[in-house]
1. Condition check: assigned to a loop (DSSP other than H, G, I, E, B) and crowded, with 21+ Cβ neighbours inside 10 Å. Does Pro329 satisfy that?
2. Give region 225-244 a look and list any residue that's touching a helix residue (DSSP H, G or I) at 6+ places or on another chain (Cβ under 9 Å), within 16 Å of the ligand (Cβ to nearest atom) and of a type outside the set (Lys, Arg), or say none.
3. What is the residue count in region 257-279 for residues that are away from the ligand (no atom under 16 Å from the Cβ) and buried (at least 22 other Cβ atoms within 10 Å of the Cβ)?
4. Would you call Ser282 at pLDDT 95 or above and either within 16 Å of the ligand (Cβ to nearest atom) or at negative phi (or both)?
5. I want to confirm something. Restricting to region 181-198 and keeping residues that are under 15 Å from Glu169 (Cβ atoms) and in contact with a helix residue (DSSP H, G or I) (Cβ under 8 Å, 6 or more places away or on another chain), which single residue is nearest to the ligand (Cβ to nearest atom)?
6. Filter region 99-125 down to the residues that are buried (at least 16 other Cβ atoms within 10 Å of the Cβ) and of a type in the set (Ser, Thr, Tyr) and list them by number.
7. Among Ser414, Ser402, Ser394, which is the only one that is within 16 Å of the ligand (Cβ to nearest atom), of a type in the set (S, T, N, Q) and crowded, with 17+ Cβ neighbours inside 10 Å?
Amino acid sequence: MKDTNPDLSALPSVDLLLRTETAQRIAAAMGSRHTADAARRAVDLLRREAVEGEGGAVLSREELLSAAERSMEAEAKRQIRTGMQRVINAAGVIVHTNLGRAPLSEAAMEAIQKAAGYCNVEYELDTGKRGRRGARAEAMLAELTGAEEALVVNNCAAAAVLVLTSLCEGGEAVISRGELVEIGGDFRVPDVMKRSGAGLVEVGTTNRTKISDYSGAIGEHTRMIVKVHPSNYRIVGFTAVPSVADLAELAHSRGLILFEDAGSGALIDLSRFGLSDEPVISESIASGADVVTFSGDKLLGSAQAGLIVGRSEVLARVRKHPLYRAFRPGKMVYAALEATLEAFLRGTEFEEVPVLKMLSAGRAEIEARTNSVVEELRERLGGFEGVTVETVSSVSVVGGGSAPGTHPDSVAISIRDSGSTPNEIEQRLRNYDPPVVGRIDEDAVLLDLRTVFEHEIETLKNAVCAAFR
Ligand SMILES: *Cc1c(COP(=O)(O)O)cnc(C)c1O
């Protein structure tokens, strides 16, 4: 250590730093104890840099103090940004798992705000007596899927665990080898079944399973046949799986339950948007599935939830299991779910529910929005030599483990700069407040407006301009 470094004596004291306006502002937001620690860290950092730093430039007392303030400020900002922040999704991934999956409809957001205070979550307004949580959401789910009853839990993984545990613990479930999949990194069908206490009887092969494979595997301990939608995974080519109707007929002729984990859960047929592989819940129910589980925040476009629909006597057993009490969601989830399901009942889901609106947006519509943004950006960035902004052909992504082979035709804003790498541009956009998340394609940053709301367009333009200032 060089004990004669003149910079050290000019270092601000922690006390001096804490008296600055910057520190007081941070203290008002994050508390004084936190700010005192942060000030100590800032001074420590400065001391280390002054001792070890290169260049040899001697900083004045004032310069060192403002350097300490800047470092405190940056650290506070970094910490706040690890908490929940609104972001603009310009990645073109509709159900973006890392960005909160489905963005809610306006009605669902309003419903959450109303439910945030006191609300009648378990209170019957007619009688003044205790009511059943989720009764309205359950009734709407039943109506929309043609099922006798419905039940809501925290997510689809919980729904599968609950169904398997309450209906198959200690017994055996027959499942095709082609459906022993891993979904989203940490949901593995074989592990979930083991955890649920259901014995796993694998039948068929990865690419082909016949109805006779299932019937040959049914024994005295068999309680159910399980069908899992492979979601983020496709087997193509020489493949075969029995239909839900065939499996239901077999299950019922042997006194078994047919359980389908449908994953994304299309409440309506989305095949005209290229999603012909996604099971439509009402079709599964009509084909004889006794219980079907699906996610509330994938293609249904609502809050994170696991939805369970099926026959009354089967759901009664699921509802009675103690795990249901552990897995049921809070009031805000029901609020969002009710408001979203109401749009489906009204038949206005393509206007109201963002996931469906984005999925159904045509290329021409996105191109028109994109061109007008590109035009303005070119004007505003005109003075920056080397910056190129243009409209390019692109594809969006459904995301959320849905429809891996489906890429809605789209266009994107392509941004390049001879003076920066795409990574640098992407990072500057990410550091904007609110952050704008795009994607990198070779030498350009792409912004796909399919997933950007109209009210975010102005902010997005400002973020792009700020990236070159
Ligand atoms: C996504 C998915 C799940 C898990 O759903 P979460 O809501 O994320 O818990 C389970 N099963 C299938 C088939 C899925 O696609």
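1. On the way: assigned to a loop (DSSP other than H, G, I, E, B): yes; crowded, with 21+ Cβ neighbours inside 10 Å: yes.
Here the answer is yes, as Pro329 does meet what is asked.
2. If the condition is that a residue be touching a helix residue (DSSP H, G or I) at 6+ places or on another chain (Cβ under 9 Å), within 16 Å of the ligand (Cβ to nearest atom) and of a type outside the set (Lys, Arg), then Ile225, Val226, Val228, His229, Pro230, Ile235, Val241, Val244 are the ones that fit.
3. 1
4. Working: at pLDDT 95 or above: yes; either within 16 Å of the ligand (Cβ to nearest atom) or at negative phi (or both): yes.
Answer is yes for this residue.
5. First pass over region 181-198, keeping only residues under 15 Å from Glu169 (Cβ atoms): 192-198.
Imposing the further condition that a residue be in contact with a helix residue (DSSP H, G or I) (Cβ under 8 Å, 6 or more places away or on another chain) reduces the set to 192-193, 195-198.
On the way: Val192: 8, Met193: 12, Arg195: 14, Ser196: 13, Gly197: 18, Ala198: 15 Å.
In this case the residue turns out to be Val192.
6. If the condition is that a residue be buried (at least 16 other Cβ atoms within 10 Å of the Cβ) and of a type in the set (Ser, Thr, Tyr), then Ser105 is the only one that fits.
7. Values: Ser414 fails: within 16 Å of the ligand (Cβ to nearest atom); Ser394 fails: within 16 Å of the ligand (Cβ to nearest atom).
Answer to the check: Ser402.
Every residue, every condition in (1) more than 21 Å from Arg439 (Cα to Cα); (2) not in a loop (DSSP other than H, G, I, E, B), yes or no:
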residue: Glu75; (1), (2): yes, yes
residue: Gln85; (1), (2): no, no
residue: Ala91; (1), (2): no, no
residue: Leu104; (1), (2): yes, no
residue: Met109; (1), (2): yes, yes
residue: Ile112; (1), (2): yes, yes
residue: Gly117; (1), (2): yes, no
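The values are calculated or read from the model by the stated rules, or taken from the named source; none is laboratory data. Quick caveat: nothing in here was measured; it's all calculated off a predicted structure. We place every Cβ from the backbone using ideal geometry, glycine too, and count neighbours over all the protein chains shown.
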